[in-house]
Amino acid sequence: MRGFPSARPYSSIWTVLAFVGAVAIYPTAVSAGSESPPVSAAARGVEQAPAGYDKYLIYIADGVYAPSEPYPDSRITGCGPSPFCDGDYFHKEIMGRDDYEIQTLEAEAKEYFRVQFGVDVDDPANAGRLVFRSFMLDPRLNYHVISASGEQVPSEGWRVRDGGWATIFVDPDGFDLGGNSSGQHVPPGTMVVFGDYNIQNVKRHKDEEGGGNSKRGPIVIRYRSIEPQLPTDRSFQCEVLHDEYGSGLVRGRVEVMMNGNERIRINAVSVITFPGFSKLFE
């Protein structure tokens, strides 16, 4: 995978979520006095990117589960009470990385956190003030793609496996960031991430070589936080990178609600665009 451009400061202004509804709407002709029938992916055709963008993807997460219960697949460990499980299964089984590749990417994540946020996770002075860990997002969140330009996404969506490395600030007095985020003080519970989306069950649409029924390899999109994810604001923003689509941005919001019997309900949406900002305004 090609590399990100150099780390740099970013504005927190959001420019994409306003078109979430627009890109998810599939117009259907409806005759007067009749209800519109369900529209299959094949019937509605391949979705188009909005003007000014080359590619978009929309994810949602809508899982309901009890974080206190272990994940039913024993190969995925360390799940709950946070949305993070241990990262070994993601890195080795899903991404197919060996120990050297894992160590190399971990070092890259640490260096990015140092440059972008001024955080040295290996500095003894930070012991007890932060947690650096490998993670896989709990699959029970049911994170999946519901729409993507240039694709025919089925109604059940495409499953998103999400994992990487995170730094979580736990000092009760908060943490003063540095690097490209110099001057920012963040409260405990703030985190920054560096990882990959691995999108499963992707099928070719009918216009691609190989026809419409054969599966292709997963779509892998790298991401890294460009601003800290605050516990008081459930929104997030990351830079993303794909070998074909280039660089872009993902912006999203997560809501967590109690659903009774110690179960929680996740309501989240993420919008990825390539490029990150519309080319119409360059």
Original post:
Rounded to the nearest 0.05, what FRET efficiency is calculated for ARG263 and TYR100 with R0 set to 30 Å and r the Cβ-Cβ distance?
Top reply: 0.15
Original post:
Which residues in the range 159-193 place their backbone N less than 20 Å from a point set 7 Å from the Cα of LYS92 along the Cα-to-Cβ direction?
Top reply: 161-166
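Treating only the Cβ of Lys, Arg, Asp and Glu as charged (+1, +1, -1, -1), what charge dipole size does the range 56-281 show about its Cα centre? Round to the nearest 20 debye.
Numbers: 23 positive and 33 negative charges, 150 e Å.
That gives the range 56-281 a dipole magnitude of about 720 debye.
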Subject >> Label-to-label distance, nm, for residues given as GLU282 and SER235 (7 Å Cα→Cβ offset) >> reply: 2.5 nm
**OP:** Compute the distance in nm between two label points, each set 7 Å from the Cα along the Cα-to-Cβ direction, one at GLN48 and one at ASP62.
**Re:** 2.7 nm
Original post:
Which three semi-axes in whole Å describe the equivalent ellipsoid of the range 124-282, each the square root of 5 times a Cα gyration tensor eigenvalue, listed largest first?
Top reply: 32, 20, 14
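The numbers here are math on the coordinates, done by the rules we state, and not lab data. Remember, predicted model here, so these are calculated numbers, not experimental data. Methodologically, a virtual Cβ is constructed for each residue, glycine included, from the backbone with ideal geometry; neighbour enumeration extends over all protein chains shown.
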